[in-house]
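Only one structure is covered here, and it is reproduced in the block below.
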Amino acid sequence: MPTREIVGKSVAFGLIAAACIGGGLLVLYGPHAYNDYLNIPLAIVLFGLGLGVAGVGALIVAGIVIDARIREREARIHIAPRPGPLAVPPAWGMADVGRPGAREVGDGAAERGGGGARVMSVALSNLDAPLVIIFLLIWTVGFCIWLAPR
């Protein structure tokens, strides 16, 4: 089982769900003007969002567990039962299969110049993630300022 992935996603979804539900509680509990009619709907939306995130997180973690069990079951060696003893090999033999010096499948591609599998890599620096996070924070602050009531 991919324990690290399960624990990581459980913690992440749990924290986000708790933050949304906590935000809903703070909206209800916190001070607000007497004519502010959006607090109750906002709290309901935050509660619903928190419960939705928790539900989606539970479904994703359950899917990971089910997928891991299916992969584990597929990885087990399964030998089909035979109805009787093995048959004799064919009269014409088995050719060069498995013998040293036998021609391997795919050798012809190298002789014809037909290309083959190539290894590809992507280099990431340690600054990529922080730069993306900083950009998203600046983007968020910019839109909050732009959408602020004037």
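Read the figures in this text as sums done on the coordinates, not as results from a lab. Values in this document were obtained by computation on a predicted structure and should not be read as measured data. Cβ coordinates were reconstructed from backbone atoms using ideal geometry, including for glycine residues, and neighbour counts include every protein chain displayed.
A few comments on the model shown:
- Added length on full extension, which subtracts the Cα-Cα distance from 0.36 nm per residue, Ser121 to Val56: 20.1 nm
- Estimated FRET transfer efficiency when R0 is 25 angstrom, pair Tyr34-Cys144 (beta carbons, to 0.05): 0.45
- Length gained on full extension, Val88 to Ile6: 24.5 nm, using 0.36 nm per residue less the C-alpha separation.
- Relative contact order of segment 1-77, defined on C-alpha pairs under 8 angstrom at six or more residues apart (%): 44 percent
- Given charges at beta-carbon only (K, R positive; D, E negative), |dipole| of segment 1-77 in Debye: 340 debye
- The calculated FRET efficiency for the pair Ala129 and Glu72, based on their C-beta separation and a Förster distance of 25 Å, comes to about 0.20.
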